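Working notes for the structure below.
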Amino acid sequence: MAWRVGPDPGRHEFDRARPAVMGIVNTTPDSFSDAGLAFAVDGDPGPAIAHGRALVAAGAAIVDVGGESTRPGAAAVDAATERSRVVPVVEALAAEGVVVSIDTTKAAVAAAALDAGAMILNDVSAGRFDPDLLPLVVERDVPYVLMHMQGTPRTMQSAPVYDDVVADVMGFLAERLGALVDAGMAMDRIAIDPGIGFGKTVEHNLDLLRAIDRFAALAPVLVGASRKSFLGTITGVDEPRDRDPASAAVAALAVAGGACVVRAHDVAATRQAVAVGRAMGARRRLDPVDPVTLEQ
Ligand code: PMM
């Protein structure tokens, strides 16, 4: 099934045969992975907007704008601060026709970003942090990323425990998906995300990545593994910014397994990885393979 985020099938529908890269714009001063690269301390949204444009030029189909760090142990920010970080960036990019997703767990921030032109809500809390968020999604029929996290960003990496990580995460996502559909959301508006690094050990992350095809049988799948710490453990590369080759490897495997969107910092490298993953996945499934091209 395709994930339908807007009216134009060429730009707004993603599936395993048409996978997309979601580029990341963090407007936080403390993102674990790019150290607030796109954030301007004096509140000037210019650098973040320029970063978003560069991601689009590199081939991002979606630009994900976030104003609250979700790194392990991160402190929460209030809605007004988060809103003031993200809204000018969303507004500028959306006005240029960019497909923008807003990465927030707060209904007030989501509403302001949607009003500013964001098309997608990317919610790492699956509606667990703010009771007003899912009603907003249903009411406005917002294309939605439903992600699994064990605990909260402050606590999630302390000692994650599952009976069976794939079954537990899949059960959680299926239940939330069912509730949204029961509340009136169209099934093809929702992408599911196993939440790589959100309350998971290295082994949990690997088990989830090995099971992407099972998640993809449930709903369109988004995977966000870019620069995450399990890749540092596997490769021995301490600096998140130096983990782009490993991130691209995971992107290729995720798309070969059936993911339709990969969230990434290095969009150009991820585009290549996604093209390889798509070709590999198509061959394995005996789907007709279009010539793989990096054309937009
Ligand atoms: N990871 C981060 C933030 N938002 N959203 C989704 N849907 N999936 C993810 O894996 C995800 C996310 C944390 O990474 P960052 O600090 O590099 O943005």
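The values are calculated or read from the model by the stated rules, or taken from the named source; none is laboratory data. Everything numeric in this text was worked out from a predicted model, so none of it was measured. Virtual Cβ from ideal backbone geometry, glycine too; neighbours counted across all protein chains shown.
Couple of notes before you dig in:
- Exclusive hit being under 27 Å from G258 (Cα atoms) and either away from the ligand (no atom under 11 Å from the Cβ) or at pLDDT 95 or above (or both), set A40, A58: A58
- Exactly one residue among V274, V250, V262, V267 is among the aliphatic types (A, V, I, L, M), more than 15 Å from the ligand (Cβ to nearest atom), modelled with pLDDT of 95 or more and out of contact with any Cys (no Cβ under 8 Å at 6 or more places or on another chain), and that residue is V274.
- When residues of the range 115-131 are limited to those that are under 18 Å from A61 (Cα atoms) and surrounded by fewer than 24 Cβ atoms within 10 Å (Cβ to Cβ), the one nearest to the ligand (Cβ to nearest atom): M119
- When every residue of the range 79-91 is checked against the conditions, none turns out to be within 16 Å of the ligand (Cβ to nearest atom), surrounded by fewer than 20 Cβ atoms within 10 Å (Cβ to Cβ) and at negative phi.
- Some residue of the range 171-183 being touching a Lys or Arg at 6+ places or on another chain (Cβ under 6 Å) and buried (at least 21 other Cβ atoms within 10 Å of the Cβ): no
- A191 vs. criteria more than 18 Å from P72 (Cα to Cα) and more than 12 Å from the ligand (Cβ to nearest atom): no
- For the range 228-286, filtered to residues that are of a type in the set (K, R) and in a loop (DSSP other than H, G, I, E, B), the residue that is farthest from the chain's Cα centre (by Cα) is R285.
- A174 meets each of the listed conditions (1) over 25 Å from V99 (Cα atoms); (2) within 12 Å of the ligand (Cβ to nearest atom) apart from (2).
- When L180, L209 are screened for being touching a helix residue (DSSP H, G or I) at 6+ places or on another chain (Cβ under 8 Å), in a helix (DSSP H, G or I), touching a residue at least 12 places away in the same chain (Cβ under 8 Å) and within 14 Å of the ligand (Cβ to nearest atom), only L209 passes.
- Scope the range 124-142; condition over 21 Å from A75 (Cβ atoms), among the β-branched types (V, I, T) and assigned to a loop (DSSP other than H, G, I, E, B); matching residues: V142
- Which listed residue, of V161, V145, is in a strand (DSSP E or B) and either within 17 Å of the chain's Cα centre (by Cα) or surrounded by fewer than 19 Cβ atoms within 10 Å (Cβ to Cβ) (or both): V145
- Filtered residues of the range 89-123 (kept if without any contact (Cβ under 8 Å) to a residue 60 or more places away in the chain, in a helix (DSSP H, G or I) and β-branched (V, I, T)): V90, V109
- Filter result for T70 (modelled with pLDDT of 95 or more and closer than 22 Å to Y144 by Cα): no
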